[in-house]
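A.B. asks: First the structure, which I've put down as structure tokens, then a few questions once you've had a look.
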Amino acid sequence: MKGLWSRRNNTYHGKEFQHPTALHQQAKTDLAVYQEAITEDRAVKFNARAGVPKWKKPEVGSLKVNWDAAVNLEEGRIGIGVLIRDHDGLVMGSLRASRNLKGTPFFAEAYDLLLAAVFCKEIGLTHVCLEGDSKQVVDLLQNCARNWSLGGCLVEDAREILNSYAAWSVTHVYREANMASHLLANNALEATEDTYDLETCPSCIFPIVSKEML
């Protein structure tokens, strides 16, 4: 349509007449450019989606433990979420708990880590790969640095328990790769008692766990 209008204007203003064949060729060229632009735009969007961090299954024979904490500053309450999955993505165990505690997100995440370590030990795990989205807690646990804050002391307590395992590791992940335990923690904020589930997937995280198994 743009080509037809330009051709009409050129003719009207006495400019060189453009043959219909040339007009058709220009239209084909414009269409090709447009289609290429659309393809590139879709590729960019696809790559952006592909770049979003996702939860990954552990190696065969390993168990992955994700933990996260939710904080309600107004009510002085924290929610605890711990999720254990195997190499198929199947839920081996989960913990939801809440505590009437006031503190920073760092303190809440450190407390959550401690409960995760205790929970895993109580159910007899000896080899675990831990993942959390608190870089401060993960860095402190990895580097063995001393931090004499309350949160730092909780991390040190968790380390002592983990060192009694045959093997353990910890990795920092982004929230998008830790969503299941994040949802558990938020669900736990409303809990009145601790909930332990073994080989059962809590209904509040069933959709995302099912998706991450694919």
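A.B. asks: Excluding residue 89 itself, what net charge comes from residues whose Cβ is under 12 Å from its Cβ, given Lys and Arg +1 and Asp and Glu -1?
C.D. replies: Numbers: positive: 54, 56, 57, 64, 85, 211; negative: 86, 88, 212.
Residues close to residue 89 contribute a combined charge of +3.
A.B. asks: What percent of all Cα-Cα pairs in region 104-214 falls in each 10 Å bin, counting up from 0?
C.D. replies: 13, 43, 37, 7, 0
A.B. asks: Quick one: net charge of residue 152's neighbours, Cβ under 14 Å, K/R +1, D/E -1?
C.D. replies: Net local charge, residue 152 excluded: -3.
A.B. asks: Give me, ordered by chain and number, the residues 5 or more places off residue 170 or on other chains with an amide H under 5 Å from its own placed amide H.
C.D. replies: HN-HN under 5 Å from residue 170: 130.
A.B. asks: Kirkwood hydrodynamic radius (Cα pairs, Å) of region 72-159?
C.D. replies: By the Kirkwood definition, the hydrodynamic radius is 13.7 Å.
A.B. asks: In region 58-107, how does Rg compare with the Kirkwood Rh, expressed as the Rg/Rh ratio over alpha carbon atoms?
C.D. replies: Ratio of gyration radius to Kirkwood radius for region 58-107: 1.15.
A.B. asks: Given H placed on each backbone N at 1.01 Å, which residues far from residue 62 in sequence or on other chains put an amide H within less than 5 Å of it?
C.D. replies: HN-HN under 5 Å from residue 62: 87.
A.B. asks: Counting Lys +1, Arg +1, Asp -1, Glu -1, what net charge surrounds residue 67 among other residues with beta carbon under 12 Å of its beta carbon?
C.D. replies: Around residue 67, the charge tally is -3.
No lab work stands behind these numbers, since they all come straight from the coordinates. Since the model is a prediction, treat every value here as computed from it, not as a measurement. Reconstructed Cβ throughout: ideal geometry from the backbone, glycine too, with neighbour counts over all protein chains shown.
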